[in-house]
Amino acid sequence: MTPGLLGGFSLVAALLFSVIGLGLCFFAYFQRDGRYLEAAKRTSGLALLAALAAFGALEWALLTDDFSVQYVALHHSSTSPLWVKLVTPWAALEGSILLWATLQTLYTWIVSWRVHTRGLPGGKNGLDPYRAPIALGVLFTVQVFFFAVMVFLAHPFNAVIPPPTEGPGPNPLLQNHWMMAVHPVLMYLGFVGFSVPFAYAVAAMITRRYQSWVHETRWWTMIAWGFLTAGKMAGAWWSYEVLGWGGYWAWDPVENASFLPWLLATAFLHTSMVQERRGLLRSWNFSLVILTFVATFFMTFLTRSGVIQSVHAFGEGPVGPVFLAFLLSVAFVSFYLLSRVSSEVKDVGEVRLLSREGALLGGAILFTVLTFVVLVGTVWPLVVEALNGAKVSVGAPFFNQMAAPFGVFMLLLMGIGPVLPWRQSKPQVIRNLLILLAVLLIGTLASLIWGWTLGVSLAVGLFLYNLAAVGLMVDQGVRERARSLGISAARALADLAVTNKRRFGSHIVHVGVALGCLAIAFSQAYRVEAQKTLYIGETWKKVGLEVRLLDLRQVQEPNRIATIAVVDVRGTSRQGLWAEGQYRPRLNVYPVMNQPLPSPSVKYTLGNDYYFILQQFGQDERGLWATVRVIVTPLVLWLWVAGMIMVLGTLYILWPSGLRAPAKAPGGATA
Amino acid sequence: MKPKYILGILVILAALAYMIFGGLGQNLVYFITPSEYFQQQSRYQNRPVRLGGIVKAGTVRYNKETLELRFILSDGVSEIPVESKGTPPALFKEKQGVVVEGRFQGQSFQGDNLLVKHSESYQAPKEGWTPDQVRKLIEETK
């Protein structure tokens, strides 16, 4: 047995099990026979085992340097460190699809636990035998697609004859930072997660039971959203640490494309609450979950088809068009199903503007519009090329210009939304709104007087406004509870935090978002940079720093040769506070690349980040010299903190607890 | 059709119009080769452009005091002198495919940002390539 043999065999097995599972779901649906469903459940486990075997085979081939497997021969090197070998499966196209497919089989298998094969659903959130064949069938269909793509188009275990003795290793950009090990996995965990609410939604449209799916899949939605948020943050951090430009978001087409499902999912997360609570916005929820799911495939189409230039692009191939065909058919079938029942999913109540559901709908509209703007900006080069044949790209200023007003509206809604009560406004709410408005105005004006730019001042005002909103809500909840039960405020706070985890968790996530926006505003507005060529021993004073080049040395590492500049830095003004220390920016030369890759040296502080890049080095009659670039950016650290807060807030909501408040019956529901 | 849908379509159209007139046009960055520039010089003056080509052998001059980099970018037929502010990202070699982001000023090109085309499959072009082949090469090596 060789890895190639095991892998190829397992892939075919996984494809077969997925096809069989899909067939069993068909029988279960049309014959109304629980035995078929039982068999489909078991098949999902077999498909998972086969997928795991295939994934294991790829790891086996990589760890044993089996260059007879084409994927290994093209993307692996025996000199790579162990962690690089372990993450190489998702360093290129075929392995990424295998990872994606494996995660899909895992999620399908988990969904199958919930399936009840006979009678009405027992237990909480069970999938009854009427909807289960459809939901499972949708997930099996996705699996069939992935495994068919691998078996017929992008086979990870194609053989090379004769096998080479050594390979080039994965793309050096991926080897340069450990963050690359987690970013793709988190993204795929998020992408795959949306297949579950989508599958439930399809089942809901076919069986005409429009209400319960949103509630049943809310954990899936939260989990997927949490992973996607964490994945995007990890990607931004990787960009900051590796690409050597001191930025974290470039509006690169693929960044944009993976932003789309996040935006749509965020909209869905919010409209789904309106349906759970009031039974409204049902067609919104169906549309948004379909679009979110379709958007996860759109990114793969963009990266794999070669239609758009990007740091993420893996090159051209047949895989892109196949993904496009799949996503278009999914969208077509889903919207056909929705249109079939559109008169039945129509809302029976109304949404008032100044109410919780009004704010949630407003937020959803905002996110959907931004999705549309980003989508148009991303595919615009294709439109221009089709019209007049010119190759163009849309610059980052366009996206920044579009996203800034959106951010302001989002932060405004985020603050007042949770303060507003459901259904209609109450008089005491007006007082709260006035307080919040005052905080916003005072915060913004004080920042302007302090001398910050208008955008930054607005961000400060909105941050304080959001903090005040959360403070007000927590304070009121605690007071009421403490008064009515006659307990201490601390006790009431602890009670509320445990019994109403969803609300508290959302407060945490919202504080994270507001903090993130603040960090973005400051880091975009007050970034300064300078560069200079220094000889060893030379000192340079700039941007509040005293920079001294101590040494320039070369280090041979197993997979690369590094040139390291040793730079000693001291702060000379407030801007250089906490900058003191030794920095070692480096240029890594990987033998497979024909030029070096910079690896910046960054010091994170609570105020400014100090970011050093070695640009160029050489030797002349005066000695060794190095061109050093320094970028000082305020508050970048807080963006990563904000990301962690958002993820922690999501975890807080998801954390199981025995003290969960009893689920409220959805008002006006006609399930 | 119901007024609700008409309203929705109008909102989408308005958003689209806002985007197109409010910045999409100005922020379009053309990707051209030197030959394409000479065909339509006036069109590309003083607007952001991404100029792609091969660094001509023996023309790279780096002044480490002023941090100015000068070289000649060629696509096999036409050549354009490029001045780039700031250092090249050290990763700069002759006969290599590069894309320079910047603007045309007079007869030379002022680069702000220099992207080197690198990939495992990259191969330096041989002599006697046509602009189309150079362009294809640069587009394919991402």
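What the table below lists for this structure:
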{"read-out": "Count of the stretch A:67-81 residues which are farther than 19 Å from A:Arg560 by Cα, within 14 Å of chain B (Cβ to nearest Cβ) and part of a loop (DSSP other than H, G, I, E, B)", "value": "0"}
{"read-out": "Which numbered condition A:Asn588 fails, given (1) modelled with pLDDT of 90 or more; (2) under 29 Å from A:Trp640 (Cα atoms); (3) within 12 Å of another protein chain (Cβ to nearest Cβ)", "value": "(1)"}
{"read-out": "Options A:Gly455, A:Gly451, A:Gly362, A:Gly461; residue that is within 25 Å of A:Phe268 (Cβ to Cβ) and either loosely packed, with under 15 Cβ neighbours inside 10 Å or in contact (Cβ under 8 Å) with a residue 12 or more places away in the chain (or both)", "value": "A:Gly362"}
{"read-out": "Residue match in the stretch A:367-377 (condition: free of Cβ contacts under 8 Å to residues at least 12 places away in the same chain and among the β-branched types (Val, Ile, Thr))", "value": "yes"}
{"read-out": "Matching residues in the stretch A:346-374 - criterion: being among the acidic types (Asp, Glu) and not in a loop (DSSP other than H, G, I, E, B)", "value": "A:Glu357"}
{"read-out": "Verdict on A:Leu467 being part of a helix (DSSP H, G or I) and surrounded by 15 or more Cβ atoms within 10 Å (Cβ to Cβ)", "value": "yes"}
{"read-out": "First in the stretch A:482-495 and free of Cβ contacts under 8 Å to residues at least 40 places away in the same chain, second anywhere and in a loop (DSSP other than H, G, I, E, B), Cβ under 7 Å, 6 or more apart", "value": "A:Ala482/A:Ser488"}
{"read-out": "Residues within the stretch A:390-401 that are facing another protein chain (nearest Cβ under 7 Å) and in contact with a helix residue (DSSP H, G or I) (Cβ under 8 Å, 6 or more places away or on another chain), tallied", "value": "8"}
{"read-out": "Options A:Leu328, A:Leu264, A:Leu302; residue that is within 30 Å of A:Pro397 (Cβ to Cβ), at pLDDT 90 or above and part of a helix (DSSP H, G or I)", "value": "A:Leu264"}
{"read-out": "Residue among A:Phe67, A:Phe145 that alone is crowded, with 18+ Cβ neighbours inside 10 Å, touching a residue at least 60 places away in the same chain (Cβ under 8 Å), of a type in the set (Phe, Trp, Tyr) and within 25 Å of A:Ala204 (Cα to Cα)", "value": "A:Phe145"}
{"read-out": "Residue match in the stretch A:479-488 (condition: modelled with pLDDT of 90 or more, out of contact with any strand residue (DSSP E or B) (no Cβ under 7 Å at 6 or more places or on another chain) and crowded, with 20+ Cβ neighbours inside 10 Å)", "value": "no"}
{"read-out": "Meets criteria (closer than 25 Å to A:Ala459 by Cα, within 12 Å of chain B (Cβ to nearest Cβ) and free of Cβ contacts under 8 Å to residues at least 40 places away in the same chain) for A:Val383", "value": "no"}
{"read-out": "Residue list for the stretch A:533-570, filter: modelled with pLDDT under 90, over 30 Å from A:Ser77 (Cβ atoms) and not hydrophobic (A, V, I, L, M, F, W, C)", "value": "A:Lys542, A:Gly544"}
{"read-out": "Of residues in the stretch A:196-236 being in contact (Cβ under 8 Å) with a residue 24 or more places away in the chain and not in a helix (DSSP H, G or I), the one farthest from A:Val138 (Cα to Cα)", "value": "A:Gln211"}
{"read-out": "Enumeration of residues in the stretch B:59-94 that are away from chain A (no Cβ under 14 Å) and either modelled with pLDDT under 85 or surrounded by fewer than 20 Cβ atoms within 10 Å (Cβ to Cβ) (or both)", "value": "B:Thr59, B:Arg70, B:Ile72, B:Gly76, B:Val77, B:Ser78, B:Glu79, B:Pro81, B:Glu83"}
{"read-out": "Within the stretch B:95-131, tally of residues that are surrounded by fewer than 18 Cβ atoms within 10 Å (Cβ to Cβ), of a type in the set (D, E, K, R) and modelled with pLDDT of 75 or more", "value": "2"}
{"read-out": "Per-region count, the stretch B:15-47, residues small (Gly, Ala, Ser), more than 8 Å from every other protein chain (Cβ to nearest Cβ) and part of a helix (DSSP H, G or I)", "value": "3"}
{"read-out": "The stretch A:375-401, subset part of a helix (DSSP H, G or I), among the hydrophobic types (A, V, I, L, M, F, W, C) and surrounded by 22 or more Cβ atoms within 10 Å (Cβ to Cβ), residue farthest from the chain's Cα centre (by Cα)", "value": "A:Phe398"}
{"read-out": "Test: residue in the stretch A:278-299 that is charged (D, E, K, R), modelled with pLDDT under 80 and over 25 Å from the mean Cα position of the chain (by Cα)", "value": "no"}
{"read-out": "Subset of the stretch A:157-170 that is at pLDDT below 90 and buried (at least 18 other Cβ atoms within 10 Å of the Cβ) - its residue that is farthest from A:Leu62 (Cα to Cα)", "value": "A:Pro168"}
{"read-out": "Condition met for A:Gly607 (away from chain B (no Cβ under 14 Å) and within 31 Å of the chain's Cα centre (by Cα))", "value": "yes"}
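Here is a yes/no grid of residues against (1) within 14 Å of chain B (Cβ to nearest Cβ); (2) in a helix (DSSP H, G or I):
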residue	(1), (2)
A:Ile487	no, no
A:Arg491	no, yes
A:Cys517	no, yes
A:Ser523	no, yes
A:Leu534	yes, no
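The values are calculated or read from the model by the stated rules, or taken from the named source; none is laboratory data. Note that the structure is predicted; figures quoted are calculated from it, not measured. All Cβ positions, glycine included, derive from the backbone under ideal geometry; neighbour counts span all protein chains shown.
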